[in-house]
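What follows is a short report on a single structure.
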Amino acid sequence: MEANEFDVVHEESACAVRCRGELAGQSAVRLRDQVKPLFGAGKRIRVDLSDVTFMDSLGLGVVVTLYVSARTAGCHLEVVNLSQRVRDLLSVAHLLSLFEPAGQSTVKMP
């Protein structure tokens, strides 16, 4: 993902983040650096991965780190619209159960 290949839409008590392209290497780090400051107690963050074409172990690590950091901050992070490839990666890493409820739904992003 290039620097502009994810969009953040701010709402009153929530934020929506739509990712496109590859979530690997520096793009994963940029995503973490953009999303982590959004955390706030009671806030809801939705990360939409429907347009992610590839995710490597760093991308996976960033998604899990964001999930854990959000919970620690009292924030609710949802990862939605998982492609079969991303779902398989989470399954192999035994992490799919963390994201399964939100990952099953198709959510329209603004």
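Every number in this text was worked out from the coordinates using simple rules, so none of it is lab data. Here the structure is a predicted model, which means the values were calculated and not measured. All Cβ positions, even for glycine, are placed from backbone atoms using ideal geometry, and neighbour counts span all protein chains on display.
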- line: Neighbours of residue 70 by Cβ distance under 10 Å: Lys/Arg at +1, Asp/Glu at -1, summed charge +3
message: Among 47, 66, 8, which residue has its Cα furthest toward the positive end of the charge dipole of the chain, with +1 on Lys/Arg Cβ and -1 on Asp/Glu Cβ?
response: 66
- request: Work out the length of the dipole vector of the chain about its Cα centre, built from +1 on the beta-carbon of each Lys and Arg and -1 on the beta-carbon of each Asp and Glu, and round it to the nearest 20 debye.
  value: 260 debye
Note, ³J(HN,Hα) from phi for the stretch 46-63, Karplus 6.51, -1.76, 1.60, rounded to Hz, x at Gly and Pro: 10, 9, 9, 9, 4, 9, 7, 8, 7, 9, 9, 5, 5, x, 4, x, 5, 4
message: Restricting to Cα atoms and excluding each atom paired with itself, what does the Kirkwood estimate give for the chain in Å?
response: 13.6 Å
- prompt: For the chain, what is the percent of antiparallel DSSP beta bridges, rounded to the nearest 5?
  reply: 25 percent
